[in-house]
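Enquirer: Input: one structure, supplied below.
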Amino acid sequence: MPIQPLPQPTRLIGGEGIGSYAPRAAARNRSSVEDIETALRESGLLTTSKARAHPQRLQAWRELGALYETAFTAPEIVAGNWVIDRPACIQCSAGVRSTGKRPEWGWVCVRHKRWLDGKQISLQAFPEALAAERHLRRVLVPRGVVVESPVMRLAEECAIVGISRATFEERASRVTYPSPPLLIYPETVRMARLLTRRSFLDLVCDPGVPGRQRRFLVEGEVTRILPGERDTEAWRAVNRVWAMVTDLSDLIRDAALVDRLPEDTQYNVLRLSRFVVERPVEPVEGVPTFGW
């Protein structure tokens, strides 16, 4: 016996998970998730445990909301990186607050020029962040890089310790409610692009290349992203990138001694290099629903 849709339909916001959708749909129908699921169990229409992501529970809420079969199917992992739940753009969702997984997005809604973390402020006066988001979607997404992945966290750390204070303060004057992740977003994306670029990884991580040559390349590339202005401390970022490089080159050397492929569980970037057998990056499938 099929489950009948709830009287008041609730539209699904793109990438939204059941943990966000179910409470909204229940509230719109003047009920609660617990009451609705209890009624389904008593009618024999839901027989599973209360596991949040059990397939039967997901299907039940698809039927309750008269949703597409693709609802609640946003990937949990992309190319070995966990995909986190994040707030939807409040303008895309017409004022509805929800969370979901959008691995093909960074922290910016390009359509509405809004920062998606915290207070979702306007980026009209900070076009550099919009440009960075476009680069992220065009370059990093195909590489399987998602927000809060290890390489993005490292890139952000490099940007925050190396950016010019004058640049930081000038950008802060252009936005309301400035936050460090927002103000360094352009450099974060550029750094992540560098750290996942195959030509860069193939050379700087090669234990057969002299260390001085590899260090020189790291310094040159990082300084290009964080120019040597008077109050810039790019050397701090260089040291962090160099730490990653030495970790990976040691990993490659040790793996070669036992004739194995290196397992890069810390940074998850060697999968993009010649040191690991190439595998296709997992496709990021869109959700054909009301998007954000």
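The values are calculated or read from the model by the stated rules, or taken from the named source; none is laboratory data. Model, not experiment: these values are computed from the prediction. Positions of Cβ are generated from backbone atoms using ideal geometry, with glycine treated the same way; all protein chains shown enter the neighbour counts. Just the protein is used for accessible areas: all its heavy atoms, side chains included, with ligands, DNA and RNA removed. Shrake-Rupley method; radii C 1.70, N 1.55, O 1.52, S 1.80 Å.
Enquirer: Just the residues that are acidic (Asp, Glu) and touching a residue at least 12 places away in the same chain (Cβ under 8 Å), please, taken from the range 222-257.
Expert: Glu229, Asp231, Glu233, Asp247, Asp250
Enquirer: Pull up the range 195-210, narrow it to residues that are assigned to a helix (DSSP H, G or I) and open to solvent by 30 Å² or more (accessible area, probe 1.4 Å), then point me to the one that is nearest to Val151 (Cα to Cα).
Expert: Arg198
Enquirer: Going through the range 97-114 one residue at a time, which ones are touching a Pro at 6+ places or on another chain (Cβ under 9 Å) and open to solvent by less than 50 Å² (accessible area, probe 1.4 Å)?
Expert: Ser98, Gly100, Lys101, Pro103, Trp107 - these are the residues of the range 97-114 that are touching a Pro at 6+ places or on another chain (Cβ under 9 Å) and open to solvent by less than 50 Å² (accessible area, probe 1.4 Å).
Enquirer: Could I ask something else about it? So, in the range 153-164, exactly how many residues are of a type outside the set (Gly, Ala, Ser) and in contact (Cβ under 8 Å) with a residue 40 or more places away in the chain?
Expert: Residues flagged as of a type outside the set (Gly, Ala, Ser) and in contact (Cβ under 8 Å) with a residue 40 or more places away in the chain within the range 153-164 amount to 5.
Enquirer: Within the range 58-80, is there a residue that is of a type in the set (A, V, I, L, M), in a loop (DSSP other than H, G, I, E, B) and without any contact (Cβ under 8 Å) to a residue 60 or more places away in the chain?
Expert: No, every residue in the range 58-80 fails to be of a type in the set (A, V, I, L, M), in a loop (DSSP other than H, G, I, E, B) and without any contact (Cβ under 8 Å) to a residue 60 or more places away in the chain.
Residue-by-condition table, conditions (1) outside any helix (DSSP H, G or I); (2) without any contact (Cβ under 8 Å) to a residue 60 or more places away in the chain; (3) among the hydroxyl-bearing types (Ser, Thr, Tyr):
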site	(1), (2), (3)
Gly106	yes, no, no
His112	yes, yes, no
Gly118	yes, no, no
Glu133	no, yes, no
Arg138	no, yes, no
Pro142	no, no, no
Glu148	yes, no, no
Val151	no, no, no
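For every residue, the table says whether it meets (1) open to solvent by less than 40 Å² (accessible area, probe 1.4 Å); (2) more than 16 Å from Val269 (Cβ to Cβ); (3) of a type in the set (Ser, Thr, Tyr).
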residue: Arg224; (1), (2), (3): no, yes, no
residue: Trp235; (1), (2), (3): no, yes, no
residue: Trp242; (1), (2), (3): no, no, no
residue: Val245; (1), (2), (3): yes, no, no
